[in-house]
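Okay, so here's the structure we're looking at.
The values are calculated or read from the model by the stated rules, or taken from the named source; none is laboratory data. In this text, all values refer to a predicted model and were calculated from it rather than measured experimentally. Please note: Cβ atoms are built from the backbone with ideal geometry, for glycine as well, and neighbour counts cover all protein chains shown. Quick note on the areas: whole protein, heavy atoms, side chains included, nothing else; ligands and nucleic acids left out. Shrake-Rupley method; radii C 1.70, N 1.55, O 1.52, S 1.80 Å.
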Amino acid sequence: MRTQKLPIGIENFKEMRKQDFYYVDKTGLIVDLLADWGKVNLFTRPRRFGKTLNMSMLANFFEIGADASLFDGLRVSEEKELCENYLGKFPVVFVSLKGVDGLTFDDAYARLRILIRNEAMRLEVLRESEKLSMEEKNAYLRLVSENPEKTDITESLKLLCQLLEKHYGQKPILLIDEYDVPLDKAFLHGYYPQMIDLIRSMFGAALKTNDSLFFAVLTGCLRVSKESIFTGLNNLKTLSISNVKFNEYFGFTDEEVGRMLADYGLEAHQAEAREWYDGYRFGNQDVYCPWDIINYVNELRSDPEAEPKPYWMNTSGNDMVRRLIAKASDGTTQMEIERLIAGDTITKMINEQLTHSEIDENLENIWSLLYMTGYLTVARKPSGGRYELRIPNREVREIFKRQVLSWFTERARAATEKLAGLYEAFEKGDAEAIEKLLNRQLITTVSFYDAYESFYHGFLLALLSTCVDWCVSSNAETGRGRSDITVERRDRELGFVIEIREVRTRAKLDEACAAAMKQAEDRDYAAVMLRYGVETVFTYGIAFCDKRCRVAVKRVENTEEI
C-alpha cells in the first residue's frame with residue numbers, strides 16, 4: 001500500500017517529484033504535443049483540472065539545465081530519441097497570470113509588473129551575458145527595476161524571448177498559464193477596457209511578431225479570441241474541451257482513479273468517487289476532477305468512513321459563473337436548470353469564442369459559459385453547434401440545488417406580507433391551514449423536480465426566517481438531540497420545533513409524519529424552550545413528497561410556576 005503524500009495544492013512539478021508526492025503520470029502530453037504542435041497552442045479547461053501542474057511539467061522538461069531524473073519511470077522517459085532531442089534543450093519563459101487581480105486597474109497592473117519582474121529575475125543569466133549588447137542589457141535591467149515603463153511591460157515577453165535566443169543560440173518556449181484570468185477579473189471589477197488593451201498589446205508582441213519564439217503554450221478556462229487578443233494571429237491552435245486530442249491529460253481517467261484508490265487500499269470507494277466526481281467529458285474521454293479525487297482520497301486515508309464532499313465547489317474562481325447563475329431569474333432559465341438537476345438534458349447552441357461583454361449581455365450565453373467552465377458537460381456528440389448538455393456529477397448538482405434555494409429565499413423575502421397567513425397558522429397550531437399554505441408555496445414558487453430532505457429543510461427555513469417577530473434556528477440542540485428547525489417568538493410566549501421527513505410516494509406521507517412526531521417526542525425536543533420559560537410550545541412533524549406535504553402538530557403548555 002502506498003504511503004506517499006497526496007499533492008493537495010501542489011502545482012510545482014519539480015516539488016512534487018522531489019518531495020515524493022503521489023503523481024498521476026501526464027507526461028504523455030509532452031509526447032503528443034511534440035508530435036502535433038502549432039506555433040501557439042491554447043488549451044482551455046475548467047479550473048482545478050491540472051493546467052498549472054502540466055505547464056510546470058513542460059517547463060521542467062524543456063528548460064536548459066533540466067533535471068532528467070524528474071522524469072524517471074514516467075511515460076515520456078520511454079521515448080529515448082525524443083528526450084535526447086528535447087529534454088533540457090530550450091530556454092523557457094514561464095508566467096502564470098492567475099494572480100493578476102485587483103479592485104482597480106492599477107492594482108492588477110502592479111501585480112502584473114511584479115510577475116514579469118520575478119520571471120526576469122529568474123532568468124538572471126541575462127544580466128551578465130557577454131552575448132548581449134549594452135542596450136539589450138539595459139532593456140533587461142528595466143524589467144527587473146522597481147518602476148519599468150508600460151512599454152517595457154507590454155514588450156516584456158517578446159524581449160525575454162529575444163534575449164534568451166541571443167544568449168543561448170536557441171529559440172525559447174513561452175508558457176502562459178491562466179491567460180484569461182486578468183480579463184475575467186477586470187470585467188468583474190469594471191476596468192475591462194484598460195486590461196484588454198494591455199493584454200492585447202502584450203500577446204500581440206509575444207505571439208504575433210516574435211521571430212524568436214520556438215513555440216508557445218497557453219492555458220485558460222475560456223477561449224476569448226474574439227476579444228482581439230489574438231488579432232492577426234494565424235498560427236493559433238486551440239484545443240478546447242470539445243477537441244478529441246490531448247483530452248486525457250487534463251483530469252483523471254477512470255483507470256487512473258481506480259489505480260490511485262487501489263494504491264491506498266481504498267478500492268471499495270470507487271463507486272462513490274464516480275458518482276460525485278466523474279462525468280466530465282472532454283472530447284471523447286470521460287474524466288474526473290483531480291482536485292476532488294486527491295482531497296477525497298486524502299480524507300479517506302485518515303477516515304475510511306468519510307463521505308464525499310463538494311471540494312471543487314468550495315474553491316475560489318469562476319465569479320462570473322456564479323453571478324450569471326444568480327441573474328438567471330427568468331422562469332424559462334430556472335425551469336431548464338431544474339430539469340438538469342432532475343437528471344434531464346437540455347439542448348443548446350454553444351459558442352466557444354464569446355467575449356465577456358457578450359456573455360453578460362445575453363442570458364442565453366450562460367449555457368456556453370457553464371459548459372466551458374465545467375458546470376455542464378456534453379451528453380452526446382454535438383451536431384451543428386447544438387450540444388446536449390447535462391450536469392456531470394453529484395457535486396455540481398449540489399451547486400445548482402443551492403442556487404435554486406437561493407432564488408427561493410429571495411422570493412420568500414419579497415413576499416413576506418403574503419406569508420402572514422402562514423405565520424399565523426404556525427402560531428395557532430393549525431396543521432390543516434399550514435398544510436394548505438405550504439402546498440400552495442410548493443406548487444407556485446419553485447418548479448423543482450429533484451426534491452430531497454435537505455431541500456425541504458432549506459425551503460421551510462427560508463419561509464420562516466422572513467418573519468421579523470421570530471428567532472429561527474437550524475439543527476439546534478433541543479432535548480436529547482437536534483431538531484431540524486426551532487422557532488421562538490421574541491416575546492418568549494410561544495415557540496415551536498419542526499422535524500422534517502421526505503418520502504418518494506404520497507401514500508407514505510402520513511407514516512412519515514407520524515415518524516417525525518415520534519422522534520420529536522422521544523427526544524423531548526420541546527424541553528429546552530419549556531425549561532427556559534416559553535409558555536406554549538408546538539411540536540410539528542412535516543412530511544414532504546414532490547410538491548405535497550402533510551403536517552401533524554402537538555401542543556405543550558408550560559405548567560411550571562415562575
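Numbers below:
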read-out: Yes/no for Ser56 being part of a helix (DSSP H, G or I), open to solvent by 50 Å² or more (accessible area, probe 1.4 Å) and modelled with pLDDT of 95 or more; value: no
read-out: Residue that is nearest to Gly374 (Cα to Cα), among those in the stretch 239-255 that are open to solvent by 30 Å² or more (accessible area, probe 1.4 Å) and either out of contact with any Gly (no Cβ under 6 Å at 6 or more places or on another chain) or part of a helix (DSSP H, G or I) (or both); value: Ser242
read-out: Pairs with Cβ under 6 Å, 6+ apart, first in the stretch 512-540 and under 13 Å from Ile498 (Cβ atoms), second at pLDDT 85 or above and of a type in the set (Asp, Glu); value: Ala516/Glu499; Gln519/Glu499; Ala520/Glu499
read-out: Top-ranked residue in the stretch 1-41 [being free of Cβ contacts under 8 Å to residues at least 12 places away in the same chain and assigned to a loop (DSSP other than H, G, I, E, B); ranked as nearest to Leu266 (Cα to Cα)]; value: Thr3
read-out: Evaluation of Gly232 against (1) surrounded by fewer than 21 Cβ atoms within 10 Å (Cβ to Cβ); (2) part of a loop (DSSP other than H, G, I, E, B); (3) at pLDDT 95 or above (one fails), failing number; value: (3)
read-out: Residue satisfying all of: in the stretch 324-343; loosely packed, with under 15 Cβ neighbours inside 10 Å and on the phi < 0 side of the Ramachandran plot; modelled with the highest pLDDT among these; value: Ala342
read-out: Single unsatisfied condition, Glu136 versus (1) in contact (Cβ under 8 Å) with a residue 40 or more places away in the chain; (2) part of a helix (DSSP H, G or I); (3) farther than 26 Å from Thr238 by Cβ; (4) not hydroxyl-bearing (Ser, Thr, Tyr); value: (1)
read-out: Some residue of the stretch 477-497 being open to solvent by 80 Å² or more (accessible area, probe 1.4 Å) and touching a Lys or Arg at 6+ places or on another chain (Cβ under 6 Å); value: yes
read-out: Identity of the residue in the stretch 204-223, more than 33 Å from the chain's Cα centre (by Cα) and under 21 Å from Asp36 (Cβ atoms), that ends up least open to solvent (accessible area, probe 1.4 Å); value: Leu213
read-out: Residues located in the stretch 396-433, provided they are at pLDDT 75 or above, open to solvent by less than 40 Å² (accessible area, probe 1.4 Å) and of a type outside the set (Phe, Trp, Tyr); value: Val396, Glu398, Ile399, Lys401, Leu419, Gly421, Leu422, Ala425, Gly429, Ala431, Ala433
read-out: Residue in the stretch 535-549 that is more than 22 Å from Glu424 (Cβ to Cβ), assigned to a helix (DSSP H, G or I), within 41 Å of the chain's Cα centre (by Cα) and not hydrophobic (A, V, I, L, M, F, W, C) present; value: no
read-out: Total residues in the stretch 169-194, condition within 25 Å of Asn12 (Cα to Cα) and of a type in the set (Ser, Thr, Tyr); value: 1
read-out: Where Ser201 falls short, out of the listed (1) in a helix (DSSP H, G or I); (2) open to solvent by less than 10 Å² (accessible area, probe 1.4 Å); (3) of a type in the set (Ser, Thr, Tyr); value: (2)
read-out: Residue in the stretch 18-26 that is under 20 Å from Phe215 (Cβ atoms) and under 24 Å from the mean Cα position of the chain (by Cα) present; value: yes
read-out: Flag if Thr355 is in contact (Cβ under 8 Å) with a residue 24 or more places away in the chain, more than 18 Å from Phe400 (Cβ to Cβ), open to solvent by less than 30 Å² (accessible area, probe 1.4 Å) and among the hydroxyl-bearing types (Ser, Thr, Tyr); value: yes
read-out: Selected residue [touching a strand residue (DSSP E or B) at 6+ places or on another chain (Cβ under 8 Å) and either surrounded by fewer than 16 Cβ atoms within 10 Å (Cβ to Cβ) or within 30 Å of Glu338 (Cα to Cα) (or both)] from Val551, Val534, Val528; value: Val551
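Yes/no matrix, rows are residues, columns are (1) open to solvent by less than 50 Å² (accessible area, probe 1.4 Å); (2) under 23 Å from Met57 (Cβ atoms); (3) modelled with pLDDT of 95 or more:
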position	(1), (2), (3)
Tyr86	no, yes, yes
Pro91	yes, yes, yes
Gly102	yes, no, no
Glu119	yes, yes, yes
Cys161	yes, yes, yes
Asp180	yes, yes, no
His189	no, no, no
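Yes/no per residue for (1) under 20 Å from Tyr23 (Cβ atoms); (2) touching a Lys or Arg at 6+ places or on another chain (Cβ under 8 Å); (3) in contact (Cβ under 8 Å) with a residue 12 or more places away in the chain; (4) of a type in the set (Ser, Thr, Tyr):
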position: Ala216; (1), (2), (3), (4): no, yes, yes, no
position: Asn234; (1), (2), (3), (4): no, no, no, no
position: Lys237; (1), (2), (3), (4): no, yes, yes, no
position: Lys245; (1), (2), (3), (4): no, no, yes, no
position: Arg274; (1), (2), (3), (4): no, no, yes, no
position: Arg281; (1), (2), (3), (4): no, no, yes, no
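Conditions (1) at positive phi; (2) at pLDDT 95 or above; (3) open to solvent by 60 Å² or more (accessible area, probe 1.4 Å), marked per residue:
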residue	(1), (2), (3)
Asn12	no, yes, yes
Phe21	no, yes, no
Leu42	no, no, no
Gly50	yes, no, no
Gly73	yes, yes, yes
